[in-house]
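Down below is the structure, laid out as structure tokens.
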Amino acid sequence: MKNIVLIGFMGVGKGSVAREIVKQADIVALDTDDIIESMENRKIKKIFAEEGEEYFRALERKVAHWLQKEVDGTLISTGGGFFKVPNLSKIGTVVYLYAPFETIYNRILAHPNAESKLRKRPLFQDIEKAKKLYDERAPLYRKAADVVIDVSEKSVAQIAKEILKKVKKDD
Ligand code: S3P
């Protein structure tokens, strides 16, 4: 089976959806941010602060290269900017989780750990800048995707089910 690659903006719920898919299907999941943090033995926030964004993007490209060469049949959740790696479509079926910016932001704020969810994301420190980034990326996510799932008014269980159905059909 091809990999399933979840892309989408920070806070849209790629991680939660990945964990739900793992519950519903016989599949193993990995996360590109987690891989980078373990390669570096430091948090994303620290990598950005100590090395800068371009260093982080180079690590994403390195992980993307490895995924393409070595990984199959896996559910891959990604950081919000990972979709820009040059070989994305070669990694697997790309699924874009879409929600309007306001929905994403309000959902983060409603979370009991809202503060730490925002703090750990260097590109979500300033809401104006985050909104600008969202507007720039929105059409690019769509362009990069094989499948678009609107996650706005759905439970994670519903979203996971929808993804599995779509991906099986396209396989
Ligand atoms: C980023 C999103 C983050 C993380 C890094 C950069 C981005 O992942 O990879 O802070 O460029 O959108 P999440 O989408 O899991 O927040």
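Sequentially through the range 120-131, phi angles give Karplus couplings (6.51, -1.76, 1.60; θ = phi - 60°) of 7, 10, x, 8, 10, 8, 10, 5, 4, 5, 5, 5 Hz, Gly and Pro residues having no value and appearing as x. On a C-alpha basis, how far is the centre of the range 1-37 from the centre of the range 131-171 in Å? Whole number, if you could? So the two Cα centres are separated by 12 Å. Peptides 150-156, 30-36 ranked from most to least packed give 30-36, 150-156, packing being the mean of other C-beta atoms within 10 angstrom over each peptide's residues. So, with a 1.4 angstrom probe, what is the percent of accessible area on the range 4-161 that is carbon and sulfur? Carbon with sulfur: 50 percent of the solvent-accessible area. Extending 7 Å from the Cα toward the beta-carbon at both SER155 and HIS111 defines two label points whose distance is 2.0 nm. Accessible surface for the chain, divided over its residues, is 55 Å² per residue with a 1.4 Å probe. Just list whichever of LYS62/LYS154; LYS69/LYS154; LYS43/LYS132; LYS90/LYS120; LYS90/LYS165 have alpha carbons separated by over 32 Å in the model shown. Beyond 32 Å: LYS62/LYS154; LYS69/LYS154. The aspartates and glutamates whose alpha-carbon is closer than 17 Å to the alpha-carbon of LYS168, local same-chain residues fewer than 8 away aside, are GLU20, ASP26, ASP72, ASP146.
The values are calculated or read from the model by the stated rules, or taken from the named source; none is laboratory data. Computed from a predicted structure; not experimentally measured. Note that each Cβ is placed from the backbone with ideal geometry, even for glycine, and that neighbours are counted across all protein chains shown. Ligands, DNA and RNA are stripped out before the accessible areas are found, and what is left, the full protein with its side chains, is counted by its heavy atoms. Shrake-Rupley method; radii C 1.70, N 1.55, O 1.52, S 1.80 Å.
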